[in-house]
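Peer 1: Can you keep this structure in mind? I'll have questions shortly.
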Amino acid sequence: MRRAIILALLFGGMQLLLPLGAAGPGGESLLAFGFLILVAYTTGELASAARLPRIIGYIAAGVLFGPSVLDTVTATAIEQLAPVSSLAISLIAFLAGAELRWGEVKERGRAILTILGTEMSFSFLCIVALLVALRNVIPFLHGTSGLAMVAFSVLFAVMASVHSPAVTMALLNETGASGPVARTTLGVVLVSDLVIVLLFSGALALAQSVVPPTGTDAPAVSLIAVVWEIGGAVIVGAVLGGGIALYLRFVRQELFLFAILVAFFGTEIARLAHTETLLTLLTAGFIAENVSHDEHSEALRHAMERSAAPVFVVFFALAGAHISIGDVAAVWMLVLPIAAVRIAAIWTGCRFGARWAGVRGEEGKYVWMGLVSQAGVAIGLVTVVADVYPSRGGELRALFLSVIAINETLGPILFRTALVRSGEITESAAAAAGARQAAH
């Protein structure tokens, strides 16, 4: 009851302050940022009390106070807060890379690649087959035939194969889990990002060659650009990670501020170099962690986790604000079978992949539950498609965001359940870890 009253007071206060904030340049976005931190944190507390991941509360706050319901946080404010999402993705990527140890990569590499390859291949084929079967009732495929239908089905299926490093890292930070299920899931999710960048670039190039965009602002994706986006990200990330390692070894001052600067400058360097941001920051985190002394890299990770806490809250709230209840309701008869087929394909692919990789026990049984989530990266990919194809891409975006709404709601619950069932966390330990994280 106390938290519900807090939400009501925050909503009322925002209604009073919003006209004042909207009068000044940037005022609405600043108000929205502060409001989202408070309401998402409070809703996360409600979710935790209901034995749900706090992320569910953050997302629910975005849906409730976003444009599709109360419209307290407007579409304009969401657009102005886009840099916050970029910062969050950079922090997540660096922290994820820093979680990887070279010894662990060698130890789990075969299992990760086998599970990922099987799961992603199976998911891709099943979703393409479903889209082709339902082509007459799917808006962006209606009226297409031949190569155009295949090209857009492939593009949708590639994006539907995306996993969520953001959700995975947030839940691991919240629960403190570090067992086999947690580590293998993290490895699969991180490697999948690299694969998805390659597949998405190829799928978009295929679609553009089959159905050329009508606008002039959507050039075709060249092979050289794709190669540099990936290879250059590794090179730039390695140089950035080496510089961070030197700072940690010889300076080691103001790590909290330094952590924020790493994320900001890492994002900007990747943009200027035209490299993939996630891979650039992930490589930087991996190099910095494995080159630095343990105590130095651990201090930076802790500083980055402290600086990232409010950013993560707003990031997931913004992800929820992108969900349109009206759009989901309009296409729910298509959303449910697509989401169900994707989840079933992930489960089947992980089971076969784990068996072929020789992964037994809880690890092979529960990893699939950590791969359902989708969030920021998936939204970014479908936005690119909508920009390239304003009409057909808009229809694809509406359906895909509705599918994401299902996946980002079920995914955190499933992953937390997997960690509990595998014995890597307990309900009481997860609640205590969440409380500690909130206190920081």
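The values are calculated or read from the model by the stated rules, or taken from the named source; none is laboratory data. Note that this is a predicted model, so its numbers are computed, not measured. Cβ placement follows ideal geometry from the backbone for every residue including glycine, while neighbour counts extend to all protein chains displayed. Areas reflect the complete protein model, heavy atoms only, side chains present, ligands, DNA and RNA absent. Shrake-Rupley method; radii C 1.70, N 1.55, O 1.52, S 1.80 Å.
Peer 1: Per the Debye formula with a single identical scatterer at each Cα and no solvent contribution, what log10 I(q)/I(0) holds for the chain at q = 0.09, 0.11, 0.12 Å⁻¹?
Peer 2: -0.56, -0.86, -1.05
Peer 1: Could you give the DSSP H helices of the chain that reach 30 angstrom or more along their long axis (alpha carbon positions) and whose average Kyte-Doolittle hydropathy is no lower than 0.5?
Peer 2: Details: long enough: 27-49 (33 Å, 1.22); 102-133 (45 Å, 1.00); 180-210 (44 Å, 1.70); 223-250 (40 Å, 1.84); 294-321 (39 Å, 0.36); 332-357 (37 Å, 1.08); 392-421 (42 Å, 0.74).
Length and hydropathy pass: 27-49, 102-133, 180-210, 223-250, 332-357, 392-421.
Peer 1: Determine by what factor the alpha-carbon radius of gyration of segment 35-111 differs from 2.2 N^0.38 Å, reporting the quotient. Walk me through the numbers before you get to the answer.
Peer 2: Details: Rg = 17.0 Å, N = 77, 2.2 N^0.38 = 11.5 Å.
Cα-based Rg divided by the globular estimate yields 1.49.
Peer 1: Counting pairs of Cα atoms in segment 132-191, how many percent are more than 13 Å apart? Could you put the intermediate results ahead of the total?
Peer 2: Details: 1211 of 1770 pairs.
The proportion of pairs with Cα distances above 13 Å equals 68 percent.
Peer 1: When the accessible area of the chain is computed with all protein chains present and a 1.4 Å probe, what percentage of it is carbon and sulfur? The partial results should precede the final answer.
Peer 2: Working: 12460 of 18530 Å².
It is 67 percent, rounded to a whole number.
Peer 1: May I ask for the longest run of the chain untouched by trypsin sites (Lys or Arg not before Pro) that are loop-located per DSSP and have at most 12 neighbouring C-beta atoms (other than their own) within 10 Å?
Peer 2: Values: sites that count: ARG51, ARG360.
Segment 52-359 is the longest.
Peer 1: Ok, one more. What is the sum of charges, Lys and Arg at +1 and Asp and Glu at -1, for the other residues whose Cβ falls under 12 Å from the Cβ of MET149?
Peer 2: On the way: positive: ARG135, ARG392; negative: none.
It works out to a net charge of +2.
Peer 1: Moving on. Below 8 Å between Cα atoms, with a sequence gap of 6+, how large is the relative contact order for the chain in percent?
Peer 2: Values: 643 pairs, mean separation 121.8, N = 440.
Reported as a whole number, the value is 28 percent.
Peer 1: Now a separate question. Note the direction-averaged projected area, equal to a quarter of the hull surface, for the Cα convex hull of segment 1-133, in nm². Working shown, then result.
Peer 2: Working: hull surface 49.4 nm².
Hull-based average projected area comes out at 12.4 nm².
Peer 1: Just the projected area, averaged over all directions, of the convex hull on the alpha carbon atoms of segment 276-349: how many nm²? Intermediate results must be reported in sequence, preceding the final value.
Peer 2: Details: hull surface 32.1 nm².
Averaged projected hull area, Cα only: 8.0 nm².
Peer 1: Given a 1.4 angstrom probe, what's the average accessible area per residue across the chain, in square angstrom?
Peer 2: Working: 18530 Å² over 440 residues.
Result: 42 Å² of accessible area for each residue.
Peer 1: If you don't mind, there's one more thing I want to ask. Once you list every other residue whose beta carbon is under 13 Å from the beta carbon of GLU45, what net charge do they have if Lys and Arg are +1 and Asp and Glu are -1? Present the calculation step by step, with values, prior to reporting the outcome.
Peer 2: Values: positive: ARG2, ARG3, ARG51, ARG54; negative: GLU174.
In short, +3.
Peer 1: Quick one: net charge of VAL372's neighbours, Cβ under 14 Å, K/R +1, D/E -1? Intermediate results must be reported in sequence, preceding the final value.
Peer 2: Numbers: positive: ARG342, ARG416; negative: GLU119, GLU408.
Overall, the nearby charge balance is 0.
Peer 1: May I ask you to compute the full-extension gain from ALA344 to PHE250, defined as 0.36 nm times their residue separation minus their alpha-carbon distance, rounded to one decimal in nm? Please report the intermediate quantities before stating the final value.
Peer 2: Working: separation 94, 0.36 × 94 = 33.84 nm, distance 5.04 nm.
Stretched fully, the ALA344-PHE250 segment lengthens by 28.8 nm.
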